[in-house]
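Inspection log for the structure reproduced underneath, given as structure tokens.
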Amino acid sequence: MTIKIEVDMTKCQHYGQCVFEAPDIFRLNADDKLEYTAEADDSELANVEAAIDVCPMQAIFIVK
Amino acid sequence: MTKPVIIVGASMGGLRAAEALRRFGYAGPITVIGEEHHAPYNRPPLSKEVLAAEVSHEAVAFPQRESTADVNWVLGTRVESADLEHGTVTDSEGETHAYGTLIIATGLRPKRLEVQNAELIGRHAVRTLDDAIGLRKDLKPGARVVVLGAGFIGCEVAATARKLGCEVTVVAPGSHPITRPLGVELAKELQRRHEAMGVKFVMKTSVTDLVGTTAVEGVVLDSGEIILCDVLVEAIGSHTNTEWLEGNDLELSNGVLTDNDMRAVKTSGEAWPNVFAIGDVARFANPLFDDEARRVEHWNIPTDTAKRVAQVFAGQTQGPFAPIPSFWSDQYDIHILAYGLLALADEVKLVAGDIQGECVFGYYREGKMVGVCGIGMRTTVMGYRKEFELK
Ligand SMILES: Cc1cc2nc3c(=O)[nH]c(=O)nc-3n(C[C@H](O)[C@H](O)[C@H](O)COP(=O)(O)OP(=O)(O)OC[C@H]3O[C@@H](n4cnc5c(N)ncnc54)[C@H](O)[C@@H]3O)c2cc1C
């Protein structure tokens, strides 16, 4: 099973806090802008939920 | 019947505590009692997006998780008193609830200006969603807005009001906005950027009185001068919500003093085994810095302290609790990110970038880094975060 992840890029301010919680999903590129993998294995769920919790802009969602 | 875990305060700390208890395996009953009518929502947008546009509760509410679907939310209900000896709390309806474990998450409320004519229309403070919605109605283009206090919330409200086309004056006792904790150099730069956007600053000044009979018409400064205004925003600090705990053996001089497991401490220094405090209201020592207990009003603290409580509850702690404080602030296109306790520093220096553009400052106490703060330059700021990990 996989989960689908979506970041609302109109909200995201590239604070990068998600990177610490789910480093295999979220990263900042060379321009300090957020990039992410939109689909991940179920085993990432706890990490992605932690990333959702620490996002200052509350811009990360799991799409059902 | 097992007595429930009762959480008092249904904001970020209360929600995170319920979630963390479930995550660490507690399957028993949880009751959350909160004074506000709204389900837990995020406060930072209140001084930013919520003032700038018609934002509903839905847009700022925290997502509800399946794990906490069976939590008993008692909203719109204030807890008036607690009896820790007997393990009960009593709410505003007169109902007494027995708990097995109590988690205190009642946070803060704004300090207000103490003046004679206190009941004037147009006076605002920003802590709750209802506060922000009330203020938004008054932030019309051209409105003259005085913001009292030049801390984070004051500066954010000033920036948002200015973007909405208000005439904004910030009045505050300090020399520059957010000097504590940012340090003078960065504070001056922040003031310069606000002034470039058209915000006026009247610093080293306090307000002694208000002008107006039904609505606020102006503020009287300690110099005797009057600044006319239509809207007054008071962002002058906060009180801890601990009155309901009085009469119990607790240390409540500035929030609820806790030990390293977030257990509330008796005046003897011994901890209550089943009473915890989390979030803005908790005062605890952080071994990353020293053994002095402090309250930390940063957004990561409710989540981190709630997790600690759940780990303690489940008997799953690993080592001392040493959360890395972190905060951010958005003012215009200035996005500030910081780690650590900047206010402890005796030395502040630019470590990267250019102060008029993107920059990073380091904060040191006796030569050891205690904080880092950047405008932009995210990867650089984040790179310093490991300086704060417990070694
Ligand atoms: C306008 C604003 C902007 C902010 N911006 C930022 C930011 O940009 N970055 C950042 O890092 N942090 C920011 N913060 C700080 C952050 O929001 C707080 O650290 C966080 O909300 C603390 O959560 P808490 O659950 O501990 O307390 P609170 O959010 O204060 O919640 C306490 C709850 O308890 C309830 N309560 C109180 N007494 C009782 C009682 N007796 N019975 C029942 N319920 C009671 C209250 O009604 C409230 O709902 C901001 C705060 C505000 C107000």
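The values are calculated or read from the model by the stated rules, or taken from the named source; none is laboratory data. Just so it is clear, the model here is predicted, and its values are computed rather than measured. Because the Cβ atoms are built from the backbone with ideal geometry, glycine has one as well, and the counts that use them run over all protein chains shown. The area values use the complete protein model at the heavy-atom level, side chains included, leaving out ligands, DNA and RNA. Shrake-Rupley method; radii C 1.70, N 1.55, O 1.52, S 1.80 Å.
Observations on the structure shown:
- Helix B:152-163 and the long axis of chain B differ in direction by around 50°, with both axes built from C-alpha atoms.
- Listing of the stretch A:10-27 residues, each with accessible area lower by at least 40 Å² in the full protein assembly than in the chain alone (probe 1.4 Å): A:13, A:15, A:17, A:20
- Contact order normalised by residue count of the stretch A:2-63, Cα under 8 Å, 6+ apart, percent: 50 percent
- Cross-link pairs beyond the 27 Å C-alpha cut-off, checked among B:200/B:368; B:3/B:307; A:64/B:3; A:11/B:140; A:33/B:111: B:200/B:368; A:64/B:3; A:33/B:111
- Ordering B:91, B:130 by accessible surface, largest first, gives B:130, B:91; the 1.4 Å probe counts only protein heavy atoms, with every chain in place.
- The trypsin sites (Lys or Arg not before Pro) of the stretch B:227-333 that meet both conditions, a loop assignment by DSSP and at most 16 other Cβ atoms within 10 Å of the site Cβ, are B:266.
- Pairing chains B and A buries close to 1600 square angstrom of accessible surface in total, based on protein heavy atoms and a 1.4 angstrom probe.
- Every helix of 4 or more DSSP H residues in the protein assembly as shown counts as -39500 (n - 2.57), and over all residues that averages to -6000 deg cm²/dmol at 222 nm.
- Both radii were evaluated on the Cα set of chain A; the Rg over Rh quotient, with Rh as the Kirkwood radius, amounts to 0.92.
- Residue order for B:206, B:223 - accessible surface, 1.4 angstrom probe, largest first: B:223, B:206
- Surface per residue (accessible, 1.4 Å probe) for chain B, Å²: 42 Å²
- Percentage relative contact order, chain B, counting C-alpha pairs under 8 Å, at least six apart: 15 percent
- Cα centroid separation, the stretch B:323-375 to the stretch A:1-54: 24 Å.
- Measuring heavy-atom accessible area with a 1.4 angstrom probe and counting protein chains only, the residues of the stretch B:356-391 that give up at least 40 Å² relative to the chain alone are B:378, B:379, B:382, B:385.
- Accessible surface of the protein assembly as shown, 1.4 Å probe: 50 percent of it comes from carbon and sulfur atoms.
- Loop-resident GluC sites (Glu not before Pro) (DSSP state other than H, G, I, E or B) in the stretch B:36-132 with no more than 14 further Cβ atoms inside 10 Å of their Cβ: B:54, B:85, B:93, B:95, B:114, B:119.
- Residues A:64, B:48, A:4 ordered from highest to lowest accessible area at a 1.4 Å probe: A:64, A:4, B:48.
- Here residue B:57 and residue A:62 are evaluated by their C-beta separation; at R0 = 25 Å the FRET efficiency comes out at 0.75.
- Percent of Cα pairs exceeding the 30 Å cut-off, where the set is chain B: 44 percent
- Normalised radius of gyration (Cα atoms, divided by 2.2 N^0.38 Å) for the protein assembly as shown: 0.98.
- Computed with a 1.4 Å probe over protein heavy atoms only, the accessible area of residue B:138 comes to about 40 Å².
- The charge dipole of chain B, taken about its Cα centre with unit charges on the Cβ of Lys, Arg, Asp and Glu (plus for the first two, minus for the last two), comes to roughly 1040 debye.
- Chain A: angle of helix A:45-54 to the longest principal axis, Cα-based, in degrees nearest 10: 30 degrees
- For chain B, the longest principal axis of the Cα atoms and the long axis of helix B:129-138 meet at an angle of about 20 degrees.
- The residues of the stretch A:2-63 present an accessible area of 48 Å² per residue when probed at 1.4 Å with all protein chains retained.
- In the elastic network of chain B, a GNM with C-alpha springs shorter than 10 Å, the most mobile of B:205, B:31, B:267 is B:267.
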